[in-house]
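Below: the structure, in structure tokens.
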Amino acid sequence: MPELPEVETVMRGMQIALQGHEISDVILRRPDLRWQIPADFRDSVAGQTVTGFRRRGKYILMRLSNNLSVVLHLGMSGRIVLDSPTAPALHEHVTFITADGRRCGFVDPRRFGMLDLVPTGQEEQYKFLAAMGPEPLEPAFTGSVLHAAFKGRKSPIKTALLDQKVVSGLGNIYVCEALYRTGIHPQTAAGALKLQETKRLVQAIKDVLNEAIAAGGSSLKDYVRPEGGLGYFQHAWRVYGRKGQPCPDCPGAPACAGVEQITQAGRSTFFCPSRQKMR
């Protein structure tokens with residue numbers, strides 16, 4: 001599933017291509033994505049000008065001149081294709097066409113993505129956003145905030161960080177990378193972290209996300225940037241997907257046998273047993 005840096009990259013691509021332009025038509029080929037696209041979607045969007053964009057967690061909000069916002073989630077395999085050809089791409093279920101002929105297609109082979117509408121003034125009350133935690137790249141997300149959210153939690157830190165009610169937008173890749181940078185074992189109880197540790201962790205989260213956004217995200221399986229290029233941050237992964245490979249900051253065997261992989265809550269976790277010791 002695309003994580004925060006990939007969604008941010010997609011949103012920025014859409015913003016460059018669509019903001020300030022009128023959507024002259026919307027072609028709906030399959031309304032039955034993860035949830036049914038609203039029946040009035042085309043009538044509500046066609047004829048409106050795109051006034052702005054916003055990302056909330058892994059959701060993209062495209063704001064329109066009629067004070068409605070299109071809510072977009074890429075799901076597991078969804079992607080945006082800018083300047084899509086007149087003949088739709090395979091699995092291109094929705095196409096936005098601007099008055100000057102630009103085409104923006106939503107491609108989703110597995111159909112786990114979604115499109116919906118919400119009044120722009122009620123975005124924060126939208127059913128999938130209302131309970132969401134703070135944005136990790138905003139100044140309000142601090143070590144103190146995270147420390148308070150973890151108070152009394154016995155669940156592993158890795159699992160806690162994936163809880164969108166604790167912090168929004170984080171996913172498997174970037175949590176593994178942030179924990180590695182701070183030397184925290186992924187099975188450490190979230191509530192056991194000291195304030196200084198959560199401060200370092202928050203900074204690592206911000207650093208990893210900003211570096212990934214600058215690289216255009218991580219291209220893994222289905223993800224490509226809206227203009228068709230690949231993200232490059234997968235080349236900077238220090239532990240994710242590197243089971244058995246040398247840890248970049250370790251002297252090597254026998255001091256460290258390399259990156260290890262475990263399963264937590266059904267997801268693969270990668271860490272360095274030397275740098276990230278279990279308490």
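Readers should treat all values here as calculations from the given coordinates under stated rules, not as data from a laboratory. Every value quoted in this text rests on a predicted model; they were computed, and no experiment measured them. Reconstructed Cβ throughout: ideal geometry from the backbone, glycine too, with neighbour counts over all protein chains shown.
Data table
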{"read-out": "Chymotrypsin sites (Phe, Trp or Tyr not before Pro) restricted to region 33-73 and DSSP loop, no more than 16 other C-beta within 10 Å", "value": "TRP35"}
{"read-out": "Amide hydrogen neighbours beyond the local backbone of ARG56, cut-off 5 Å, H modeled", "value": "LEU61"}
{"read-out": "Residue-averaged [θ]222 nm for the chain, counting only DSSP H segments that reach four residues, each worth -39500 (n - 2.57)", "value": "-7000 deg cm²/dmol"}
{"read-out": "Relative contact order computed over the chain (Cα-Cα under 8 Å; 6+ residues apart), in percent", "value": "18"}
{"read-out": "Three-way shape call for region 1-134 based on the alpha-carbon gyration tensor, with the a/c threshold at 1.5", "value": "rounded"}
{"read-out": "Rh (Kirkwood; distinct C-alpha pairs) - region 143-271, Å", "value": "15.4"}
{"read-out": "Mean separation of Cα contacts under 8 Å, 6 or more apart, over the residue count of region 1-138: relative contact order %", "value": "27"}
{"read-out": "Isolated Cys in the chain, by beta carbon distance under 4.7 Å", "value": "CYS104, CYS176"}
{"read-out": "Residues CYS250, CYS104, CYS176 arranged by fewest to most Cβ contacts within 10 Å", "value": "CYS250, CYS104, CYS176"}
{"read-out": "Extension gain, ILE262 back to ASP249 (0.36 nm per residue minus Cα-Cα distance, nm)", "value": "2.7 nm"}
